[in-house]
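The values are calculated or read from the model by the stated rules, or taken from the named source; none is laboratory data. Model, not experiment: these values are computed from the prediction. Here the Cβ positions follow ideal geometry from the backbone for every residue, glycine too, while neighbour counts run over all protein chains shown.
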Amino acid sequence: MSTTEDLDWFKSSYSGSEGDNCIEVALDVEAVRVRDSKDLGRDSFAVASGAWAAFTAHVSGS
């Protein structure tokens, strides 16, 4: 697994350009990592790829 510093973090295009009030995600070899953009010093957490796919399909209405 990569360290969180090595990952390419991104946020939703729906988050707007205001800055740091959203979650960010990064794709890891083993999972999807999630973190709070307001507090980058805190640990991220991992979500299994299949669970992330089910979650995003559900919230997007797919």
Only residues that are among the small types (Gly, Ala, Ser) and farther than 17 Å from Asp6 by Cβ: list them for segment 42-52, please.
Ala48, Ser49, Gly50, Ala51
Search result, residues across segment 23-62 that are of a type outside the set (A, V, I, L, M, F, W, C), at pLDDT below 95 and within 9 Å of the chain's Cα centre (by Cα)
Glu24, Arg35, Asp36, Ser44
Among the numbered conditions (1) farther than 16 Å from Thr56 by Cβ; (2) modelled with pLDDT under 80; (3) surrounded by 14 or more Cβ atoms within 10 Å (Cβ to Cβ), tell me where Asp20 comes up short.
(3)
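Table: residues versus (1) within 15 Å of Leu7 (Cα to Cα); (2) not hydroxyl-bearing (Ser, Thr, Tyr).
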residue	(1), (2)
Val25	yes, yes
Val32	yes, yes
Ser37	yes, no
Ala54	no, yes
Val59	no, yes
Residues of segment 22-62 satisfying the condition of being touching a helix residue (DSSP H, G or I) at 6+ places or on another chain (Cβ under 8 Å), among the hydrophobic types (A, V, I, L, M, F, W, C) and part of a loop (DSSP other than H, G, I, E, B)
Cys22
